[in-house]
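What follows is a short report on a single structure.
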Amino acid sequence: MIDRSADWVAEGAGGRLLAGDPGTAGPGRAVIDTREIRAGDLFAGLRGERADGGDFAVDALEAGAWGVLVAPEHAERAAARGQGDVVIAAADPLAALQSLARAWRHEIGAKVIGVTGSTGKTSTKDILAVLLAPHLRTHFNDQNLNTEIGLPLTILAAPPDTEALVLEMAMRGEGQIAGLTAIAEPDVGVIVNVGPVHLELLGTVERVAAAKAELVRDLAPGAACVVPVAEPLLDPHLRDDLETITFGPGGDVTLLSLRDGRAEIEARGKPVALELSYAEPHNLLNTLAAVAAAMSIGVRPGGRVAPAFSSMRGEVVELAGGVTVVNDCYNANPMSMRAALKHLAETPADRRVAVLGTMAELGGDSERFHREIGQEAAELGIDALITVGEPATAYADSFDGEAYSTGEPEEAGALLSEIVLPGDRVLIKGSRSVGLERVLS
């Protein structure tokens with residue numbers, strides 16, 4: 001609930017209140033899709049490539065919206081209904097939505113932590129939210145609301161009494177993180193890692209690092225940044241006027257031991273004991289990043305950590321017949337693929353099978369990256385490999401074990417049902433565009 005008046009909402013958005021009582025109590029949240037409208041929502045009609053959301057302003061009001069935030073030409077039509085609905089006109093509704101989110105961020109006064117990285121940022125966000133929850137009223141992104149649209153919607157859904165905002169920040173190219181940082185104005189910036197992602201757009205991993213480091217560049221002096229220890233790609237972007245906290249072996253926050261789910265961590269000279277519901281090496285590193293971020297805002301975490309990781313990110317599914325599937329098909333890049341294969345190789349099973357789809361957006365070196373992953377799978381002792389899609393066949397070129405190539409996820413699913421045996425463990429992983437969730441359909 002945005003517990004401020006309609007005129008405050010209009011001012012925060014930088015818009016003009018065209019209709020409605022200025023003193024009307026504020027909306028419950030903001031939405032951009034009329035199909036999601038609940039009574040009391042603010043509908044922001046955004047311009048898209050194929051449609052202009054402002055065209056649906058009247059539909060939104062008729063569906064029970066608290067009010068609409070739309071371009072002037074749509075606002076005039078909505079106001080003409082004469083029903084007393086709140087109508088706010090703004091020349092650029094997306095910029096207005098972002099401005100309103102920034103105003104609400106200031107109004108609630110919560111500590112804000114921005115999280116980005118080439119891989120693992122969603123899991124880090126989920127872990128950090130669990131670490132903070134016993135100590136602070138915490139709000140965080142739902143699923144992948146982490147873009148220039150999703151992030152302001154996340155902020156505007158935060159209750160007035162929120163004490164900590166954990167905001168995952170997605171990146172598609174240069175300037176993206178800078179834009180999100182300008183909206184959220186984080187007190188803490190976390191870069192989980194840097195690796196070869198979005199190379200089709202950025203070309204080199206150095207440019208990927210620079211794009212991620214926009215978060216560090218744009219933090220206010222005196223803010224904190226959390227980065228992997230001894231990451232040379234980030235070294236040129238660190239600042240003397242920030243509190244820099246490193247994580248990982250030899251860093252300010254490091255894992256001392258892990259036994260039966262109990263993690264002993266040293267965090268800037270202080271012991272932290274956590275009971276973890278997971279043991280994947282990459283999520284242990286994500287946990288160290290989350291601990292570092294928590295400590296930076298004065299929270300010393302402890303106790304049970306059992307996050308409900310976002311769907312299709314390492315989700316374990318037990319199939320009939322004693323087969324275990326790790327559904328990790330939300331996204332993939334060389335870093336996350338190596339981590340997932342390594343965890344598969346280290347997990348007890350009669351046989352280990354990998355169903356691998358294409359890693360997208362790798363540019364001119366795509367085939368090389370796929371071959372390297374196939375070779376690594378062989379070296380790790382993966383027993384069988386099923387590739388999905390034409391670019392993914394390069395995995396099999398360097399894999400010397402039992403290998404199959406399929407064109408579509410459904411074909412891979414049919415083949416998988418034929419070759420798996422009781423006691424097998426299966427990893428399903430690929431870029432989101434491949435649709436590997438259909439392997440299990």
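The values are calculated or read from the model by the stated rules, or taken from the named source; none is laboratory data. Everything numeric in this text was worked out from a predicted model, so none of it was measured. We place every Cβ from the backbone using ideal geometry, glycine too, and count neighbours over all the protein chains shown.
A13 meets each of the listed conditions (1) free of Cβ contacts under 8 Å to residues at least 40 places away in the same chain; (2) hydrophobic (A, V, I, L, M, F, W, C); (3) closer than 20 Å to E76 by Cβ apart from (1).
Which residue out of A60, A101, A78, A95 is among the small types (G, A, S), under 10 Å from F43 (Cα atoms) and part of a helix (DSSP H, G or I)? Full working, then the answer.
On the way: A101 fails: under 10 Å from F43 (Cα atoms); A78 fails: under 10 Å from F43 (Cα atoms); A95 fails: under 10 Å from F43 (Cα atoms).
Of A60, A101, A78, A95, the one residue that is among the small types (G, A, S), under 10 Å from F43 (Cα atoms) and part of a helix (DSSP H, G or I) is A60.
Applying the set (1) surrounded by 17 or more Cβ atoms within 10 Å (Cβ to Cβ); (2) at positive phi to G423 leaves exactly one unmet item: (1).
The listed residues are V115, V130, V166, V87, and the only one of them that is at pLDDT 95 or above and either surrounded by fewer than 18 Cβ atoms within 10 Å (Cβ to Cβ) or in the same structural domain as G28 (by TED's automatic domain parsing) (or both) turns out to be V87.
Just to check your reading of the model, which residue among G40, G23 is assigned to a loop (DSSP other than H, G, I, E, B) and either on the phi > 0 side of the Ramachandran plot or aromatic (F, W, Y) (or both)?
Working: G23 fails: either on the phi > 0 side of the Ramachandran plot or aromatic (F, W, Y) (or both).
The unique qualifying residue is G40.
Only one of the numbered conditions (1) touching a strand residue (DSSP E or B) at 6+ places or on another chain (Cβ under 6 Å); (2) not in a helix (DSSP H, G or I) is violated by L215, and that is (2). Scanning region 386-401 for residues that are under 20 Å from L440 (Cα atoms) and hydrophobic (A, V, I, L, M, F, W, C) returns I386, V388, A392. The set of residues in region 299-358 being in a loop (DSSP other than H, G, I, E, B), crowded, with 18+ Cβ neighbours inside 10 Å and among the polar types (S, T, N, Q) consists of S310, N331, N333, T358.
Looking at the structure I just gave you, is K121 at pLDDT below 95, under 30 Å from A339 (Cβ atoms) and touching a strand residue (DSSP E or B) at 6+ places or on another chain (Cβ under 6 Å)? So that I can check it myself, show each step before the final result.
Working: at pLDDT below 95: yes; under 30 Å from A339 (Cβ atoms): yes; touching a strand residue (DSSP E or B) at 6+ places or on another chain (Cβ under 6 Å): yes.
Spelling it out, K121 is indeed at pLDDT below 95, under 30 Å from A339 (Cβ atoms) and touching a strand residue (DSSP E or B) at 6+ places or on another chain (Cβ under 6 Å).
Mind listing whichever residues of region 262-298 are in a strand (DSSP E or B) and crowded, with 18+ Cβ neighbours inside 10 Å?
The answer is A263, I265, A267, V272, L274, L276.
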